[in-house]
Structures are given as C-alpha cells and as structure tokens.
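In what follows, a single structure is set out as structure tokens and then discussed.
The values are calculated or read from the model by the stated rules, or taken from the named source; none is laboratory data. Computed from a prediction, not measured in an experiment: that's the story for all the values here. All Cβ positions, glycine included, derive from the backbone under ideal geometry; neighbour counts span all protein chains shown. Each accessible area value is taken on the protein alone, full model and side chains, heavy atoms only, with ligands, DNA and RNA left out. Shrake-Rupley method; radii C 1.70, N 1.55, O 1.52, S 1.80 Å.
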Amino acid sequence: GQQVMQIPQYQHVQEGEDFTTYCNSSTTLSNIQWYKQRPGGHPVFLIQLVKSGEVKKQKRLTFQFGEAKKNSSLHITATQTTDVGTYFCAGPGSNFGNEKLTFGTGTRLTIIP
Amino acid sequence: GAVVSQHPSRVICKSGTSVKIECRSLDFQATTMFWYRQFPKQSLMLMATSNEGSKATYEQGVEKDKFLINHASLTLSTLTVTSAHPEDSSFYICSAQRTGSSADTQYFGPGTRLTVL
C-alpha cells in the first residue's frame, strides 16, 4: 500500500534557527497537504500543493512539491516558540477519486528558547 | 466556515463498556466523513470511511464489529467503540468532506481522547 515517510522524526532547534522537514511518498500524488498538530491538539490544515514543482509561502513557512510529485518539503525560517508541534504531510490515494488521506510519519519540532 | 465538532472531547470508561463518539459538521453538509486513530507520538491512521446512507468502509485490520460507524445524516457520523479495552485507549479524530467539494478537502474535528481503565 501507499506509504508516506517523513524525516527527521524529531528536530530540536534553537529559537531563531531554520527548520526543514521532508516528506516522501511511495506513489505519485495528485496533491500534497501539510498539517500542524500542537501538543495535545488536533491536526490543523496548513496548505495544499497541487502542481509539479509548486512552491508556496505563508509568512515564514515555505512549502515545496517535487517535480515528480512524490516528495515535498516544509521549511520554516527563523523559528519561534509558537512553531512547536508535529508537522504532518498527507496525500490522497493514488487512484483518481480516492478520497482517503495517508498521513506521513510526522516530524516533531521542539524549540529551545 | 467548515467547522467540525466532536463530542465528547474526553472520555474515561471502564473496560467492557461501550463508548459513542459524535462527529458533526456544523456549517456544511458532509456526504463523507473519515475516522482516524492516533496513538501517542504516532501519526494518524485511517480507521474507516463513513458514507451517509450506506455502510462504512473499514481499513484493513480494523474490526467493523468492534468499531461501529453510523452516518445517519449529512451532518453527523458516530463511532461506537464496543466492549472497550485498555488497548483501545487512543485519540480518535474525525474529518468531514464537504459535499460537492474537491475530493481532497477534509476538515478535521478537535478529537476525542478515550481512556479505558
């Protein structure tokens, strides 16, 4: 079945440093979605990328979708304590019309003040 | 818009009892809802797809007789954990797909934390 892996599993950074998480799917994706889950909270939708090679920015966050539509990355510039949480990528099934999302393994970000 | 609620947010129950969790789309209709389970420090795992007016589709390894799903209306899906055991303790999260929207757009509820003693 479809597998979505993320690296690293954990990342500890000093406040102000940059952070990147990488997402790799075993199958080509029609789109990739990113979610943030704060400790004790539920996943919150951040963004969706659809086009091959697409890059989107949200303030300090930069999202990229690979040319082959099998990988993606999330980069945070100058991290802040509010960035703490686990970041998940998620992709729909490889079959068209498959609504099911497969979530990546997640990257947990902790910030050292 | 696109708010999804879950009730209860937390539940503690004794082993052997059944627990019902509700998932509601508050300001939109949802033909399809999804139920996920998340164990501590792990990712979300899809349990089942709930379709209004028809039987739910369960993922491999999920017991349909233990996790009963009912999607009786376009705004409500329920998950009942029957004869709960401590290993069922987990964070259960639903998501709803807005009727008529892109197949990929899902809105997540706040989750229900189940603890079985």
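Details
- When the solvent-accessible area of the range A:30-113 is split by element, carbon and sulfur atoms take up 54 percent of it, the probe being 1.4 Å.
- Pairs from the table (A:LYS51/B:LYS55; A:LYS100/B:LYS20; A:LYS36/A:LYS100; A:LYS36/B:LYS14; A:LYS51/B:LYS20; A:LYS36/B:LYS20) lying more than 29 angstrom apart at Cα are A:LYS51/B:LYS55; A:LYS36/B:LYS14; A:LYS51/B:LYS20.
- Among A:LYS51, A:LYS69, A:LYS59: highest mean-square fluctuation, GNM of chain A, C-alpha pairs under 10 Å: A:LYS59
- Each listed q (0.13 Å⁻¹) maps to a log10 I(q)/I(0) for the protein assembly as shown from the Debye sum over equal C-alpha point scatterers, namely -0.78.
- Leaving ligands and nucleic acids aside, the A/B contact buries around 1500 square angstrom of accessible area in total at a 1.4 Å probe radius.
- Cut-off 19 Å (backbone N to label point 7 Å along Cα→Cβ of A:THR77), residues of the range A:15-46: A:15-22
- Rough spin-label spacing in nm, given labels placed 7 Å along Cα→Cβ, for B:HIS85 and A:THR110: 3.3
- The three principal axes of the C-alpha atoms in the range A:25-71 carry coordinate ranges of 34, 25, 11 Å, sorted with the longest axis first.
- Ranked from largest, the principal axis spans of the Cα set of chain B equal 41, 25, 23 Å.
- Heavy atoms of the protein chains alone define the surface here; on that basis chain B has 48 Å² accessible area per residue at 1.4 Å probe size.
- Extension gain, B:LYS55 to B:ILE12, is 12.7 nm, computed as 0.36 nm per intervening residue step minus the present C-alpha separation.
- Placing R0 at 22 angstrom, the Cβ-Cβ distance between B:ALA72 and B:ASP27 gives a FRET efficiency of 0.75 after rounding to 0.05.
- Ranking B:SER9, B:VAL62, B:SER43 by Cα position along the charge dipole of chain B, where only Lys, Arg, Asp and Glu carry charges on their C-beta atoms, puts B:SER9 farthest toward the positive end.
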